[in-house]
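The values are calculated or read from the model by the stated rules, or taken from the named source; none is laboratory data. Quick caveat: nothing in here was measured; it's all calculated off a predicted structure. Here the Cβ positions follow ideal geometry from the backbone for every residue, glycine too, while neighbour counts run over all protein chains shown.
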């Protein structure tokens, strides 16, 4: 468990809240729910991989190992997510693919901005 204050932990997960709050918007606007499901699933898989590899990087004692794990995580997650979104776009309707991509990018943008804003307040990040 993190020793960060509760407020900091809540803000750190605004990307997940965005994904959850997007479902009612998709339903109300009659947007493709398959796009929401695909975008959310792809984002959650890459999020889980990021969390696992961040824990591994925090446990590593060698700075080169930390850099290697984080760099491989960023490149690998980016490539895998991009390919998965491409597959969704090519195998479903263009509206479904577009919805998946836009939702993924919205969640990623929120996570990136929150991470940048909170970085000075976190004590032990690799």
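Could you list all residues from segment 45-62 that are in a loop (DSSP other than H, G, I, E, B) and surrounded by fewer than 12 Cβ atoms within 10 Å (Cβ to Cβ)?
61, 62
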Fill in the blank from the handout: In segment 46-67, anything under 17 Å from residue 109 (Cα atoms) and touching a helix residue (DSSP H, G or I) at 6+ places or on another chain (Cβ under 8 Å) is listed as 46, 47, 50
Problem - Any hit, segment 25-44, residues being without any contact (Cβ under 8 Å) to a residue 40 or more places away in the chain, loosely packed, with under 11 Cβ neighbours inside 10 Å and touching a helix residue (DSSP H, G or I) at 6+ places or on another chain (Cβ under 9 Å) - result: no
Exercise for the section: Among the numbered conditions (1) within 21 Å of residue 15 (Cβ to Cβ); (2) modelled with pLDDT of 95 or more, tell me where residue 90 comes up short. Expected result: (1)
Handout entry: Verdict on residue 75 being surrounded by 14 or more Cβ atoms within 10 Å (Cβ to Cβ) and at pLDDT 90 or above
Key = no
Practice task
Check segment 14-21 and report whether any residue there is under 13 Å from the mean Cα position of the chain (by Cα) and closer than 18 Å to residue 88 by Cα.
Solution key: yes
Handout entry: Set 102, 70, 85, 8: member being in a helix (DSSP H, G or I), out of contact with any helix residue (DSSP H, G or I) (no Cβ under 7 Å at 6 or more places or on another chain), surrounded by 12 or more Cβ atoms within 10 Å (Cβ to Cβ) and in contact (Cβ under 8 Å) with a residue 24 or more places away in the chain
Key = 102
